[in-house]
Amino acid sequence: MSNNLSDRVSNTANSYVGGAKQTIGETLGNNNLAASGAQQKSEAEARQAAADAKTHAEGIGHTAQGKVQQTVGSLTGNTSQQARGHANETQGTLERNV
């Protein structure tokens with residue numbers, strides 16, 4: 001999760017820097033700078049969208065795993081497994097809402 005956070009910060013920074021370069025290039029009539037900035041911004045946004053999709057998919061997996069663990073724990077009377085299941089389901093919910 002911390003790697004995802006650093007990726008998110010990096011992608012956001014690159015998006016803003018790219019947008020600034022694009023705006024400055026357009027203002028100064030520097031087409032190369034504007035195009036470079038637009039490309040940087042677009043690539044950062046695409047990387048972030050891919051990272052968000054991956055995190056969402058992992059969240060779905062954790063939620064499903066948690067539900068299974070809770071059910072099995074409940075059927076077998078294993079409260080430890082139920083607690084792990086609840087934790088995994090919560091983690092999955094958080095990941096899906098990032």
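The values are calculated or read from the model by the stated rules, or taken from the named source; none is laboratory data. Every value quoted in this text rests on a predicted model; they were computed, and no experiment measured them. Because the Cβ atoms are built from the backbone with ideal geometry, glycine has one as well, and the counts that use them run over all protein chains shown.
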Exercise for the section: For E95, indicate whether it is at pLDDT 95 or above and either within 15 Å of the chain's Cα centre (by Cα) or of a type in the set (K, R) (or both). Expected result: no
Practice task
Please find, among A50, A64, A83, the residue that is assigned to a helix (DSSP H, G or I) and exposed (fewer than 13 other Cβ atoms within 10 Å of the Cβ).
Solution key: A50
Practice task
Look at region 21-41 and say how many of its residues are surrounded by 14 or more Cβ atoms within 10 Å (Cβ to Cβ) and part of a helix (DSSP H, G or I).
Solution key: 13
Practice task
Inspect region 2-19 for any residue being among the β-branched types (V, I, T), under 27 Å from A57 (Cβ atoms) and assigned to a helix (DSSP H, G or I) and give the result as yes or no.
Solution key: yes
Problem - Residue check for A44: loosely packed, with under 13 Cβ neighbours inside 10 Å and closer than 26 Å to L5 by Cβ - result: no
